[in-house]
Amino acid sequence: MMTQPIKTFQTLTSETAGGDVDTGYAVGFAHADQRRLEREARFARAVFLVDAGLWLARLVKRAVAAVKANFKLRAAEEQLHRMTDRELSDLGLTRADIPFAVRENAVGVMPQVDAYTGYATPANQNVRRAA
């Protein structure tokens, strides 16, 4: 078996990426086109980063608002729990009604009463369903 000599390609450098002079075909982009594409890519990355930052800010804002609302509801419940039974009866509440009275606007907390049948769907529906 004979060994082949190592071929070196001296003409393949980054300066020759503009095209082949013999065939007349342009290979690659012109300098102005390349600069324009780079500028558009930088702009697209900046827009993406701004959008991602705004999304993250909204996410944090919603989380902080939820925690604040939860603290307010717990403070209201605690205030009602500190009242005597007589004070609660003046308000028309019992101790069992306190979570419902505080969170009546929250979905899934208050029992839903059907207007026609009078049937009350329980608020806590932790019922195991058959699969």
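The values are calculated or read from the model by the stated rules, or taken from the named source; none is laboratory data. These numbers were taken from a predicted model, which means no experiment stands behind them. Cβ atoms come from the backbone with ideal geometry, glycine included; neighbour counts cover every protein chain shown.
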Test: residue in the stretch 64-83 that is closer than 24 Å to residue 103 by Cβ and outside any helix (DSSP H, G or I):
yes
Flag if residue 103 is at pLDDT 85 or above and basic (Lys, Arg)
no
